[in-house]
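Engineer: Quick one: this structure, given as structure tokens, is what I'll be asking you about.
The values are calculated or read from the model by the stated rules, or taken from the named source; none is laboratory data. Bear in mind that the values here come from a model prediction, so they are computed numbers and not experimental data. Here Cβ is always computed from backbone atoms with ideal geometry, including for glycine, and neighbour counts include all displayed protein chains.
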Amino acid sequence: MSGPTLAEMAVEVLSTADGRDKTALSRAHAATWTAARTAGRNIPLGHATPPPLPARPDRPELLDPREVPRRRPGSEKGRIAMLHAVAHIELNAVDLHWDIIARFTDTPMPMGFYDDWVKSADEESKHFNLICDCLEEMGSHYGALPAHAGMWRAAEDTAHDLMGRLAVVPMVLEARGLDVTPGMIAIFERAGATRAVDAMQVIYAEEVHHVAYGSKWFHFLCGRHDVDPKEVFHDLVRRYFHGALKPPFNEEKRAEAGLPPDFYWPLADNATTRG
Ligand SMILES: [Fe+2]
Ligand SMILES: [Fe+2]
């Protein structure tokens, strides 16, 4: 049997533009990988070069973040804009998880590293589809509004540095998702938007694991190189992440994901506001 290697599967997802097509392929490849692992066979990792930028659909139009219109959460329009922004983040996350799989195959890692990111990519694909379903139920769709350009910047900045990638993507950007999601769920609860609430509850529960996988493999690599995880985390975030981290932090969920306060508080906007 000689199907594609894992790296080839990842590049295939990254090279697919349409969101529904990308996520369908992502879920199919994840199922193939997981079925093989469960049966005790390993699909070879292989090597394949991920594109510098993942393929994206013609719509949404991508704008500089400063030009993306502000969303007012009190209105239906505002809630659609918010869900549209979430769909954009989820689609980007699908690509980020496949990119980490394909980009760093020269660094030997245990199989569990690939299991974790394949599972995460599968979950992001589900998240994108759940949010698209909500948008469509509300008479909109992914691509109907402009979205942030520059979401791939963290990936470009850390394309040659696996520890930097882990520090910035799961441990900073995805951890930020844990901070803001409860407030978004409350907005949709107040509006009685059950479907969106349910979708965001799924996202909230599963994102904790993505942050945890980041922390786990970051600590693993620190152990391999015999360096202090907290100091290295601070160095890498200062090098690759543009701007300070924004409190309030979801300290409970961050703790659950293996991110202790002394990792993120020293990088916060105003370290003196710690409560
Ligand atoms: Fe997600
Ligand atoms: Fe995630």
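Engineer: Can you confirm whether K230 is outside any loop (DSSP other than H, G, I, E, B), within 16 Å of ligand 2 (Cβ to nearest atom) and basic (K, R)? Before the answer, list the steps.
Structural biologist: Numbers: outside any loop (DSSP other than H, G, I, E, B): yes; within 16 Å of ligand 2 (Cβ to nearest atom): no; basic (K, R): yes.
Spelling it out, it is not the case that K230 is outside any loop (DSSP other than H, G, I, E, B), within 16 Å of ligand 2 (Cβ to nearest atom) and basic (K, R).
Engineer: Next up: Which one of these is small (G, A, S), crowded, with 17+ Cβ neighbours inside 10 Å and more than 16 Å from ligand 1 (Cβ to nearest atom): A81, A121?
Structural biologist: A81
Engineer: Let me confirm something: among A55, A87, which residue is within 16 Å of ligand 1 (Cβ to nearest atom), at negative phi, of a type outside the set (D, E, K, R) and within 21 Å of the chain's Cα centre (by Cα)?
Structural biologist: A87
Engineer: Any residue that is touching a residue at least 40 places away in the same chain (Cβ under 8 Å), among the hydrophobic types (A, V, I, L, M, F, W, C) and under 27 Å from R71 (Cα atoms) - is there at least one of those in the stretch 221-231?
Structural biologist: No: zero hits.
Engineer: Report yes if M151 is assigned to a loop (DSSP other than H, G, I, E, B), out of contact with any Cys (no Cβ under 9 Å at 6 or more places or on another chain), at negative phi and within 16 Å of ligand 1 (Cβ to nearest atom), otherwise no. Walk me through how you get there before you give the answer.
Structural biologist: On the way: assigned to a loop (DSSP other than H, G, I, E, B): yes; out of contact with any Cys (no Cβ under 9 Å at 6 or more places or on another chain): yes; at negative phi: yes; within 16 Å of ligand 1 (Cβ to nearest atom): yes.
Criteria met by M151.
Engineer: Right, here's the next one. Residues in the stretch 52-73 that are surrounded by 11 or more Cβ atoms within 10 Å (Cβ to Cβ) and without any contact (Cβ under 8 Å) to a residue 60 or more places away in the chain: how many?
Structural biologist: 4
Engineer: Among (1) within 25 Å of A87 (Cα to Cα); (2) more than 16 Å from ligand 1 (Cβ to nearest atom); (3) modelled with pLDDT of 95 or more, where does L236 come up short?
Structural biologist: (1)
Engineer: Identify all residues within the stretch 163-193 that are within 14 Å of ligand 2 (Cβ to nearest atom) and more than 22 Å from E251 (Cβ to Cβ); write none if there are none. I'd like the intermediate steps shown before the answer.
Structural biologist: First, pick out the residues of the stretch 163-193 that are within 14 Å of ligand 2 (Cβ to nearest atom): 165-166, 168-181.
Hit for the stretch 163-193 is R165, nothing else.
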